[in-house]
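I have placed the structure first, in the form of structure tokens, so that the comments after it can refer back to it.
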Amino acid sequence: MNFQEKFVRNVRLYFREVGEKWLEELPTLLEYCEGKWGLTMKNPYELSINYVAPAIRSDGSEVVVKIGLPGVEFNYEHDALIMLDSSGVVRLIDADRDHGVLILEKVSPGTMLAELEKEDKVCQIASEVMKGLITPASEGMNLPSTKDREAELALICKDHPNQFGPFLTQTLKRALAVFTYMNKTMVDPKLLHGDFHHYNVLSNGHESWIAIDPKGLIGEVEYDLIQFLMNCLPKDGVFEVIESRVEKFTKELDLDLHRLLLWGYAHSVLSSVWTVDEKTGDYNKVFSQCPAIFEKLYQKEFQHTIVDFLEKRVP
Ligand SMILES: Nc1ncnc2c1ncn2[C@@H]1O[C@H](COP(=O)(O)OP(=O)(O)O)[C@@H](O)[C@H]1O
Ligand SMILES: [Mg+2]
């Protein structure tokens, strides 16, 4: 069976031997899904690290089958699909944790928000979808939080005492200090999507849009928007686009601008680091510009630097 080249490369890069084994088992898994749910699988979508394809049920209706590596991350996505406010996220039809399978409602026409061009419209849609997603966090939610993201960055700092990818360790440590401050002062954590961006928001027809692919994360709404701010940026004028997105979201969602920009700095460092390929040294060049942009925006808004704030040199 021939799988998409990029998909195979990504699975090997992220999951190494385990991923290789999973790729070998994938044809059998597809047959398993056809048998268990009485489906006919169709050609997959453009894939990254999960196998996602539409399928036809015996009654002729369509669903989407998402197959991932079984394990904690798969389980978090499954839990998030159950717990997130149903008005913002795709409907889960069934799941099989042992085999890493989700059966989802097919979103039609399924146009990705990334395919729309007008920034104003895109931000307005994203704000509406985000409003529908916001879910109060409760005690029993066994999901990772932004404290786990902080711990992840702490480990990266420890393992890379000089530099990692595009950043000197000084920058990594500054981002870590922001994570620590933000987590300590968090007042109203929510259940978040965890990977909210233009490729995970699809058109459901009739001007209605919905999120797919939640990772499940406990934290502040301001945090959940950063990945969106960093995606689908133009070649030139990146600063201005991020500035205008920040302004729109802050207004639409009644956000705390100070916290949004601090999360912007901290998360953009972490998510740039996620893209570093240690073998080749490659990393996402657009993402890696973002920490400096959030720093500049912060300074423009508050007339002092993030370092001044962290070191309590501001009034
Ligand atoms: N429920 C769905 N309805 C329609 N298309 C979907 C659905 N779920 C996923 N897709 C398509 O499959 C692609 C990959 O799915 P996604 O869940 O985002 O996987 P990944 O976790 O690998 O990013 C999406 O970008 C979208 O085009
Ligand atoms: Mg996705």
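Can you name every residue in the range 56-85 that is of a type in the set (Gly, Ala, Ser) and within 21 Å of His197 (Cβ to Cβ)?
If the condition is that a residue be of a type in the set (Gly, Ala, Ser) and within 21 Å of His197 (Cβ to Cβ), then Gly68, Ala80 are the ones that fit.
Quick one: is Val269 open to solvent by less than 30 Å² (accessible area, probe 1.4 Å) and either within 26 Å of Glu73 (Cβ to Cβ) or not aliphatic (A, V, I, L, M) (or both)?
Taking the combined requirement at face value, the residue satisfies it.
Residues of the range 88-127 being under 17 Å from the mean Cα position of the chain (by Cα) and not aliphatic (A, V, I, L, M), which ones?
Those that are under 17 Å from the mean Cα position of the chain (by Cα) and not aliphatic (A, V, I, L, M): Gly88, Cys123, Ser127.
Where the second residue is at pLDDT 95 or above and the first is basic (Lys, Arg) and lies in the range 95-113, which pairs have Cβ atoms under 8 Å and are six or more apart or on separate chains?
Once the first residue is basic (Lys, Arg) and sits in the range 95-113, its partners that are at pLDDT 95 or above give Arg97/Pro70; Arg97/Phe74; Arg97/Asn75; Arg97/His78; Lys106/Pro54; Lys106/Glu62; Lys106/Val63; Lys106/Val64.
With the range 137-242 as the region, which helices (runs of 4 or more DSSP H) entirely inside it contain at least 2 residues that are over 18 Å from Glu117 (Cα atoms), away from ligand 1 (no atom under 16 Å from the Cβ) and not acidic (Asp, Glu)?
The helices (runs of 4 or more DSSP H) meeting that bar are 146-159, 169-184, 221-224.
From the list Val221, Val178, pick out the single residue that is closer than 21 Å to Arg245 by Cβ, open to solvent by 10 Å² or more (accessible area, probe 1.4 Å) and modelled with pLDDT of 95 or more.
Only one candidate qualifies: Val221.
The values are calculated or read from the model by the stated rules, or taken from the named source; none is laboratory data. Keep in mind that what you see is a predicted model, and the values were worked out from it rather than measured. Neighbour counts run over all protein chains shown; Cβ positions are idealised from the backbone, glycine included. In case anyone asks, the SASA skips ligands and DNA or RNA and just uses the protein heavy atoms, side chains included. Shrake-Rupley method; radii C 1.70, N 1.55, O 1.52, S 1.80 Å.
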